[in-house]
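K.L.:
I'd like to ask some things about the structure below.
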Amino acid sequence: MRKVAIVGVGQTPVREHWESSLRDLAVTALRDAMDDAGTDTVDGVCVGNMLSGALSEQEHLGSLIVDYAGLDGVEGMKIEAACGSGAAAIRMAVKAVASGLMDTVGVVGVEKLTEFSGKYSTAALATAADADYETTMGLTFVGINALLMRRYMHEYKADKNDFSIFPVNAHQNAVHNPDAMFRYPITENQYINSKFIADPINLMDSSPIADGAAAVIVCAMENVSQFKGHPAAILACEVGTDTIALDNRKNPLWLRGVERSVKKAYYVSGLGPKDIDFFEVHDAFSIITALSLEASGFADKGKALQFASETGIGIKGGLPLTTCGGLKGRGHPVGATGVYQVVEAAKQIRGEVSEKIQVEKNNIAMAQNIGGSGATVITTILKKV
Amino acid sequence: MDIPRYWRLKNQRYRMRGKKCIDCGYLSFPPRIVCPECKSRNTEPYEFAGRGTLYSYTTIYQSPDRFDQMAPYFVGLIDLEEGVRVTAQLTDVTLKELEIGMELEMVIRQIYEDGPRGPVLYGYKFRPKFAEKVKV
């Protein structure tokens, strides 16, 4: 297998992009990444997207984006793994380049969630769960996470207010990311007083639906000198899976998909949790951040909140989390999110983010993208070159 | 309107019929073609008794459109006495009465109406064990 690297990054701001179409967002991010890499062609394009069919009445995204990006004749396909679609697309590109099948692959994650009302998008997002046995019971995606959070609080005697550490940190970092959706800080008090969406999950536990596109150019490490973009090595990009339905898991509070994904990622990179300088965690809901920290080997079972406050998750903390705002602050355009995380990690490694959110130790980054309630998990580890 | 799907799932929604693996005895709900434990395809139907305890619960305030007229409503994870966990709405109960570990039983109720002209979908929900609520 060849070693692979990222030599180009691009992203649109995360917003309610009423003025831009799905294809405009995707092509802008992809072309920005190609410009950053200094290339005007790629061997293939992997498109990460979840809901173009349901919310833009558009499938066949591979061909659409290749066509509009001016890449006539290039192979392009859509990869879908719910909220994990973005990193799943990166995984496909890594496989293609590592195997030698392709030399350079463009990955673009794109999502447009604000074409319809929020309620309509909520129903579409619930298709990540089991349609016959979870969604038809009236369970929403927020509801699934609420079931996890209630049980977590019950089993580990966790205080609901202590979860505020994650969204407060995410918003604080988003202030300094011009592409973030929510560029304002929130307080613990605001967290405590915000309204329930599915109790115990309130508005401040929940990442917002949004539009956006992010892209990376993946190439073989042996070819990085052909590109102008500063490279970041991809040490690992590994997938773990679990049952689609939450109720089919023996212990829902232990995300086996996360465990399987990080174990593989640590194995192929030869690293462990202590080697990670900062972590772009999938903070779709505060409870997922907690469960991810535990199954990724950073915190003991039931100790994620304690770990976060003791270790420090701010930019100057022991393990900076969601350094550019995370899903909560930057926004969560679902199929694009996994690519945003990797773009942000690469920019941290290059030293290209705002001074206020630049982490001091930026040698090894980990990004983790989670599909559904943990049924598909992709963990990516990047290293400074 | 997905009539075939309603029809196909009637044994699950009305009878809570899952599968038992003939080779290793593993019980599944929903029914699966392949036994998750021993990978055998040698399975037979198995009807769950519909009794269990509450593993976790939530109140849905922001519901999908088709559940609008019922919101807010409760959804729970229920540990069946046969050792299988299922997802269902909780009914005939107030938020104050809900408690992790409480005993529940299955009932058939309306899940939603598919528009003014569409069919009414029925299926299982869970309520506090009847004998506990009303002393007979």
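No lab work stands behind these numbers, since they all come straight from the coordinates. Please read these numbers as outputs of a predicted model, since none were measured by experiment. Neighbour counts are summed over all protein chains in view; Cβ atoms, including those assigned to glycine, are modelled from backbone coordinates with ideal geometry.
K.L.:
When you have a sec, figure out the Kirkwood radius of the range B:49-136 from all distinct Cα pair distances and drop it here in Å to one decimal?
P.N.:
Mean inverse Cα-Cα distance, inverted, gives 13.7 Å.
K.L.:
Charges at C-beta only: +1 for Lys and Arg, -1 for Asp and Glu. How large is the resulting dipole of the range A:1-102 about its Cα centre, in Debye rounded to 20?
P.N.:
560 debye
K.L.:
Please identify, among B:Lys39, B:Lys96, B:Lys19, the residue showing maximal mean-square fluctuation in a Gaussian network model of chain B using a 10 angstrom Cα cutoff.
P.N.:
Between B:Lys39, B:Lys96, B:Lys19, it is B:Lys96 that shows the largest mean-square fluctuation.
K.L.:
Distance check, please: which entries in A:Lys119/A:Lys328; A:Lys157/A:Lys250; A:Lys119/A:Lys263; A:Lys303/B:Lys125; B:Lys19/B:Lys125; A:Lys301/B:Lys125 exceed 27 angstrom between their Cα atoms?
P.N.:
A:Lys119/A:Lys263; A:Lys303/B:Lys125; A:Lys301/B:Lys125
K.L.:
Only counting other Cβ atoms within 10 Å, I'd like A:Trp254, B:Trp7 sorted with the fewest neighbours first.
P.N.:
The order, fewest Cβ neighbours first, is B:Trp7, A:Trp254.
K.L.:
If we count other beta carbons within 10 Å of each Cβ, what is the order of A:Met34, A:Met221, fewest first?
P.N.:
A:Met221, A:Met34
K.L.:
For A:Tyr267 and A:Lys361, what is the calculated FRET efficiency with R₀ set at 35 Å and r taken between the beta-carbons, to the nearest 0.05?
P.N.:
Here the calculated transfer efficiency is 0.95.
K.L.:
Same structure, new question: Give A:Lys228/A:Lys384; A:Lys264/A:Lys384; A:Lys95/A:Lys264; A:Lys316/A:Lys347; A:Lys112/A:Lys160 a once-over and call out the pairs whose C-alpha atoms are over 24 Å from each other.
P.N.:
A:Lys112/A:Lys160
K.L.:
Further question on the same structure: Take the Cα atoms of the range A:105-230, find their three principal axes, and give me the spread along each one in whole Å, biggest first.
P.N.:
55, 38, 32
K.L.:
Dipole size in debye (nearest 20) for the range A:201-303 around its Cα centre, Lys and Arg Cβ +1, Asp and Glu Cβ -1?
P.N.:
The calculation lands at about 320 debye.
K.L.:
What is the ratio of the Cα radius of gyration of chain A to 2.2 N^0.38 Å, where N is its residue count, to two decimals?
P.N.:
0.90
K.L.:
What value in Å³ per residue do you get for the convex hull of the alpha-carbon atoms in the range A:23-120?
P.N.:
89 Å³
K.L.:
A further question follows. Mind jotting down the distance between the C-alpha centroids of the range A:118-141 and the range A:310-385, whole Å?
P.N.:
28 Å
K.L.:
Right, another one. What trypsin sites (Lys or Arg not before Pro) in the range A:199-283 are in a loop by DSSP, with at most 14 other Cβ atoms within 10 Å of the Cβ?
P.N.:
Those satisfying the criteria are A:Lys228, A:Lys250.
K.L.:
Just the Cα atoms of the range A:72-171: what Rg and Dmax do they give in Å?
P.N.:
18.8, 57
K.L.:
Once the dipole of the range A:136-221 is set up with Lys and Arg at +1 and Asp and Glu at -1 on Cβ about the Cα centre, which of A:Tyr156, A:Tyr191, A:Val216 lies farthest towards its positive end?
P.N.:
The residue sitting most towards the positive pole is A:Tyr156.
K.L.:
Whole number please: convex hull volume per residue, Cα atoms of the range B:9-50, in Å³.
P.N.:
Hull volume normalised by residue count: 57 Å³.
K.L.:
Could I ask something else about it? Roughly what would the spin-label model give for B:Lys96 and A:Ser63, points 7 Å off Cα along C-beta, in nm?
P.N.:
6.2 nm
K.L.:
Between A:Phe116, A:Phe227, A:Phe182, where does the largest GNM mean-square fluctuation fall for chain A, given springs only between Cα atoms within less than 10 Å?
P.N.:
Of the options given, A:Phe116 has the highest mean-square fluctuation.
K.L.:
Next up: How long are the three semi-axes of the equivalent ellipsoid of the range B:13-76, in whole Å, if each is the root of 5 times an eigenvalue of the C-alpha gyration tensor, listed from largest down?
P.N.:
The answer is 32, 13, 11 Å, longest axis first.
K.L.:
So what's the net charge close to A:Phe182: Lys and Arg +1, Asp and Glu -1, counting the other residues with Cβ under 10 Å from its Cβ?
P.N.:
Value of the local net charge: +3.
K.L.:
Net charge near A:Leu293, counting Lys/Arg +1 and Asp/Glu -1 over other residues with Cβ under 14 Å of its Cβ?
P.N.:
Residues near A:Leu293 contribute -4 overall.
K.L.:
How long are the semi-axes of the ellipsoid equivalent to the range A:164-230, from square roots of 5 times the Cα gyration tensor eigenvalues, in whole Å, largest first?
P.N.:
Equivalent-ellipsoid dimensions as semi-axes: 37, 13, 11 Å.
K.L.:
Below 10 angstrom from the Cβ of A:Thr12, what's the summed charge of the other residues (Lys, Arg +1; Asp, Glu -1)?
P.N.:
-3
K.L.:
Which value in deg cm²/dmol, rounded to the nearest 500, describes the helix-derived mean residue ellipticity at 222 nm for chain A, given -39,500 (n - 2.57) per DSSP H run of n ≥ 4 and division by the residue count?
P.N.:
-10500 deg cm²/dmol
K.L.:
For the modelled label position 7 Å from the Cα of A:Met221 along Cα-to-Cβ, which residues of the range A:250-271 have backbone nitrogen atoms closer than 14 Å?
P.N.:
Those under the cut-off are A:268-271.
K.L.:
While we're looking at this one, here's another question. Let me confirm one metric for peptide B:78-88, namely the mean number of other chain beta-carbon atoms within 10 Å of its residues' beta-carbons.
P.N.:
Mean partner shielding for this stretch: 4.
K.L.:
A further question follows. Fewest first, what order do B:Leu98, A:Leu293 take by the number of other Cβ atoms within 10 Å?
P.N.:
Listing B:Leu98, A:Leu293 from fewest to most nearby Cβ atoms yields B:Leu98, A:Leu293.
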